[in-house]
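Before any comments, here is the structure.
Each value in this text was obtained by applying a stated rule to the coordinates, not by laboratory testing. All of these numbers come straight from a predicted model, not from anything done at the bench. Here the Cβ positions follow ideal geometry from the backbone for every residue, glycine too, while neighbour counts run over all protein chains shown.
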């Protein structure tokens, strides 16, 4: 629930779908920034295929077998620190309120995955230890994909495979 300048409070109704009119009221700028810390971004009409414009999310959690969210960890500290939890998706049609993640099955080492994740600045990822990295376009997609699974994050070292491509 939130209140801004004496306006009516708005509550998110978890019993209704995300796109129910009662919940879509939260799409307003005040609710977006106050409740969800979501800030409007500019969408390049030539670059993106976003059907939601400024309400599109570009950051998605990786889910599926052998990922951080294949089962519920009791703590992030129990995950391998080299595991990538979140990636920036460059071609998104997902509304920021829509509960849709990115399945590991969509992230095979391929040109399709590279196209999905590679932005102007490179690849943007967030590791389980909370460290955000931007990796150059020169990063081999096959090396990046190794860190999307628990098995890969335990087997490989991001310092050895990815650090040389880190730009931020």
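Summary of values
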| quantity | calculated |
| --- | --- |
| Contour minus Cα-Cα distance for residue 105 and residue 167 (0.36 nm per residue) | 19.6 nm |
| Ranking of 69, 148 by count of other Cβ atoms within 10 Å, fewest first | 69, 148 |
| Computed label-point distance, nm, for sites residue 59 and residue 138 using a 7 Å Cα→Cβ extension | 2.7 |
| Global size of the range 50-165 as Cα Rg and Dmax, reported in angstrom | 13.6, 39 |
